[in-house]
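**Q** Quick one: this structure, given as structure tokens, is what I'll be asking you about.
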Amino acid sequence: MNLSPLQKTRYEYSPKLPGMLRGGIAEICVKDGAATQSVADQDKIKALFPNTYGKNEITFQKGTNTSEAKKQVVGVILSGGQAPGGHNVISGLYDALKATNSENVLLGFKGGPDGLLKDDYVEFDDAFIDAYRNTGGFDIIGSGRTKLETQEQFAIVAENAKKNGLTAIVIIGGDDSNTNAATLAEYMAANNTGVQVIGCPKTIDGDLKNEDIEASFGFDTATKTYSELIGNIERDANSAKKYWHFIKVMGRSASHVALECALETQPNICLIGEEVAAKKMSLSAIADYIADSVEKRGNNGENFGVAIIPEGIVEFVPEFSKLIAEINELLAGEKTEAFNALPDWVAKYDFIKSGLTAESFAVFDILPQFVQQQLFLERDPHGNVQVSLIESEKLFSEMVKEKLAARKAAGTYKGKFGAQHHFFGYEGRCAFPSNFDADYCYSLGYNAFMLIQYGYTGYLSKVSNLSKPADEWVAGGMPITKMMNMERRNGEDKPVIRKALVELDGAPFKYFEAHREEWAVKTSFTYPGAIQYFGPAEVCDLTTRTLALEKG
């Protein structure tokens, strides 16, 4: 394999651990914290998780290790979408496991949860792990999106665990994956399998967070990668002075990525889905908001700008959410085949018009035809509209174009408008992790093994105080059930980890809100540049603007 100079150098980077995890396994003990309860629906969650609910939060500290000495055989999977730093979680897990007992074994199950079901794994050794340290991606064992949620699946996993002598399983994933970890942990405990289950918080979307989980891993690297690209586009826009760039970024269920990129780059416009929902903004109102900035800048002779749009923005628009719900109902079951059999778009348009309420059809009818058609592309596994396939960046640029044409006819707009479109998603998911993510992920993995060694199950590996230098980070664990509530999924009430949305009264949004009127009119762009891996700590080890603002 041909290695780039950067890759060779990154292999040699030594991730930093929290102070209490340094100095040897024999010097790490446990401090019990308070008992926990779920964020909502306590009685229902407790009834569903009688063996793993209500446990104490714990932190590790310096002291004599009192854990039971025994050989550990641990299985690990990567679950869901990629996020920078996953390889370092596995590296940290491996190093702690081998430091405790050289006879301990780490098995990597391939392709995510499917690997546990198919008993498809590789046994890690030093050479295998060393080839992936501090690198991006999930290619060490691959990932997958299979959900572990049925009793039949759990029984298969338990049988494969027994066959391989597993003492624990570590699931590295987002909110859905860690919900699966909690249910699997409960099954293993209820059936006295002796297999512990530990989760690690991953998602570049940033929506797996709360008072305990200050950041999910990968968010730092992904947003810095996108911000570099956005900064490059801002510089280009300020050079050519002739295009408005509409940039969609990942984040379907929350707008954390868009907000962090805005804090890094100071674009003219950044839409925040949670604000759109709170203000019940219509598509037309959003287009007017963007057009106001375009008009003011154009009338000042600046016919260029940048607008950041979160991937899931349309789901936050009340009228659009209602439209999607009606479309999902319109094409439920066998109706999809009947729709697809219609000969052309004219016939399909008539079918849609007859099936929607007048209110929803009025929303549908103002959409550009390409967006109308995107709403009827291939459905997701549940038969619903795949909102992520909607090119919202093009939707809003088309709507803004129409608004500006009307304003030009009215004599209020004197500029010129040309649009370019971008979607930054996969570009950020497998980047070399930043120093922060390399350190954080290694710590999460190392810490996960300490939770295993001390006998915990149904816990999430937790590292906090992340706005401080790594030696001040606090390592420990929290029961996954603490983050759970009941939600309606596919017609059933199910226990799930509550997604964290952008808090409109939080410091990051308030900072953005205080500056965006100025950014909308003035060219206030900032250019963060590439991720810095080498140099002074104040340059290389910076955390996100979001976390810095949240922690003061």
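The values are calculated or read from the model by the stated rules, or taken from the named source; none is laboratory data. Everything numeric in this text was worked out from a predicted model, so none of it was measured. Every residue, glycine among them, receives a Cβ derived from its backbone with ideal geometry; neighbour counts consider all protein chains shown.
**Q** Going by what's in this entry, would G298 be described as modelled with pLDDT of 95 or more and over 16 Å from T357 (Cβ atoms)?
**A** Yes.
**Q** Can you name the condition, by its number, that E337 falls short on among (1) in contact with a Gly (Cβ under 8 Å, 6 or more places away or on another chain); (2) charged (D, E, K, R); (3) over 30 Å from E260 (Cβ atoms)?
**A** Just one mismatch for E337, condition (1).
**Q** Now for a different question. Considering only segment 318-344, how many residues are farther than 13 Å from G355 by Cα and either touching a Leu at 6+ places or on another chain (Cβ under 6 Å) or among the aromatic types (F, W, Y) (or both)?
**A** Residues meeting the conditions: 1.
**Q** OK, next. Of all residues in segment 401-442, count the ones that are within 30 Å of D541 (Cβ to Cβ) and touching a strand residue (DSSP E or B) at 6+ places or on another chain (Cβ under 6 Å).
**A** Count: 6.
**Q** Checking the condition in contact with a Ser or Thr (Cβ under 9 Å, 6 or more places away or on another chain), surrounded by 23 or more Cβ atoms within 10 Å (Cβ to Cβ), farther than 30 Å from G425 by Cα and not charged (D, E, K, R), which residue from S38, S67 passes?
**A** S38
**Q** If only one of K401, K408 is free of Cβ contacts under 8 Å to residues at least 12 places away in the same chain and assigned by TED's automatic domain parsing to the domain that holds P318, which one is it?
**A** The match here is K408.
**Q** Next question. Where in segment 441-552 are there strands (runs of 3 or more DSSP E), lying fully within it, with 2 or more residues that are surrounded by fewer than 24 Cβ atoms within 10 Å (Cβ to Cβ) and touching a helix residue (DSSP H, G or I) at 6+ places or on another chain (Cβ under 6 Å)?
**A** Ranges flagged: 492-497.
**Q** Scan segment 279-302 residue by residue and report those that are surrounded by fewer than 18 Cβ atoms within 10 Å (Cβ to Cβ), within 18 Å of R516 (Cα to Cα) and in contact (Cβ under 8 Å) with a residue 40 or more places away in the chain.
**A** D288, D292, K296, N300 - these are the residues of segment 279-302 that are surrounded by fewer than 18 Cβ atoms within 10 Å (Cβ to Cβ), within 18 Å of R516 (Cα to Cα) and in contact (Cβ under 8 Å) with a residue 40 or more places away in the chain.
**Q** So, in segment 245-265, of the ones that are surrounded by fewer than 24 Cβ atoms within 10 Å (Cβ to Cβ) and at pLDDT 95 or above, which residue ends up farthest from E315 (Cα to Cα)?
**A** E264
Table: residues versus (1) assigned to a loop (DSSP other than H, G, I, E, B); (2) out of contact with any Leu (no Cβ under 7 Å at 6 or more places or on another chain); (3) not polar (S, T, N, Q).
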| residue | (1), (2), (3) |
| --- | --- |
| Q373 | no, yes, no |
| F376 | yes, yes, yes |
| N384 | yes, yes, no |
| K394 | no, yes, yes |
| K403 | no, yes, yes |
| Q420 | no, yes, no |
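**Q** Tell me, which helices (runs of 4 or more DSSP H) lie completely within segment 149-241 with 1 or more residues that are over 26 Å from L547 (Cα atoms) and in contact with a helix residue (DSSP H, G or I) (Cβ under 9 Å, 6 or more places away or on another chain)?
**A** Qualifying helices (runs of 4 or more DSSP H): 151-164, 175-190.
**Q** Go over the candidates F376, F396 one by one and state the one that is assigned by TED's automatic domain parsing to the domain that holds Y349 and in contact with a strand residue (DSSP E or B) (Cβ under 8 Å, 6 or more places away or on another chain).
**A** F396
**Q** Of the residues that make up segment 164-176, is at least one over 18 Å from S461 (Cβ atoms), in contact (Cβ under 8 Å) with a residue 60 or more places away in the chain, touching a strand residue (DSSP E or B) at 6+ places or on another chain (Cβ under 8 Å) and surrounded by fewer than 18 Cβ atoms within 10 Å (Cβ to Cβ)?
**A** Within segment 164-176, one or more residues are over 18 Å from S461 (Cβ atoms), in contact (Cβ under 8 Å) with a residue 60 or more places away in the chain, touching a strand residue (DSSP E or B) at 6+ places or on another chain (Cβ under 8 Å) and surrounded by fewer than 18 Cβ atoms within 10 Å (Cβ to Cβ).
**Q** Across segment 407-418, what is the total count of residues that are closer than 16 Å to K296 by Cβ and part of a helix (DSSP H, G or I)?
**A** Number of matching residues: 3.
**Q** When only residues in segment 454-505 that are among the acidic types (D, E) and over 22 Å from L97 (Cα atoms) count, which is modelled with the lowest pLDDT?
**A** E492
**Q** Can you tell me which residue within segment 111-139, out of those that are hydrophobic (A, V, I, L, M, F, W, C) and under 22 Å from N180 (Cβ atoms), is surrounded by the fewest Cβ atoms within 10 Å (Cβ to Cβ)?
**A** Residue satisfying both the conditions and the ranking: V122.
**Q** Quick one: in segment 23-70, of everything that is small (G, A, S) and touching a Phe, Trp or Tyr at 6+ places or on another chain (Cβ under 9 Å), which residue is nearest to M188 (Cα to Cα)?
**A** Looking at the filtered set, the residue picked out is A47.
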